[in-house]
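Below is one structure, written out as C-alpha cells; the observations come after it.
Every number in this text was worked out from the coordinates using simple rules, so none of it is lab data. Worth saying up front: this structure is predicted, and the values here are computed from it rather than measured. For neighbour counting, all protein chains shown are included, and Cβ atoms are generated from backbone atoms with ideal geometry for every residue, glycine included.
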Amino acid sequence: MIEILNISSKIYIKADLKAERLIYFGIIKSKLYKQKTMITDADIMIAATCIVTCEKLITGNIRHYNRIDGLIIEDWIH
C-alpha cells in the first residue's frame with residue numbers, strides 16, 4: 001500500500017514495505033540455501049530491507065553480505 005500525504009505543503013509518501021521485505025527475504029534465503037551459503041535470518045532481513053528501500057548496507061563484514069544479489073554494500077572498515 002502506498003499512501004501520499006500532504007502535510008504543511010510538503011508531500012510525503014508512506015509505503016507499506018513490510019510485504020515487499022518479506023518477499024525479498026524469501027528470495028534471498030532460497031538462493032543462499034541452494035548455494036549452501038546461508039547466513040542468519042536477521043542478516044537476511046537487514047539485506048532485504050536495504051534492497052527494498054534502495055539504501056546501501058554499511059558493514060565491516062563484506063564477505064558475509066557479498067553473496068546477496070542486488071545489495072549495495074559499503075565497507076566501513078577499509
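Loop-resident GluC sites (Glu not before Pro) (DSSP state other than H, G, I, E or B) in region 14-78 with no more than 16 further Cβ atoms inside 10 Å of their Cβ: E55.
For L57, nonlocal amide neighbours, meaning residues 5 or more places apart or on other chains whose placed amide H falls under 5 Å from its own, are I72, I73, E74.
For L32, what is the net charge nearby, where nearby means another residue's Cβ is under 13 Å from its Cβ and Lys, Arg count +1, Asp, Glu -1?
Details: positive: K29, K31, K34, K36, R67; negative: D41, D43, D69.
Once all neighbours under 13 Å are counted, the net charge is +2.
Taking other residues whose beta carbon is less than 13 angstrom from the beta carbon of D43, and scoring Lys, Arg as +1 and Asp, Glu as -1, yields +2.
Taking 0.36 nm per residue of sequence separation and subtracting the Cα-Cα distance, how much length would be gained by fully extending the chain between M45 and A19, in nm to one decimal? Let's see the in-between values first.
Values: separation 26, 0.36 × 26 = 9.36 nm, distance 1.18 nm.
Computed gain between M45 and A19 is 8.2 nm.
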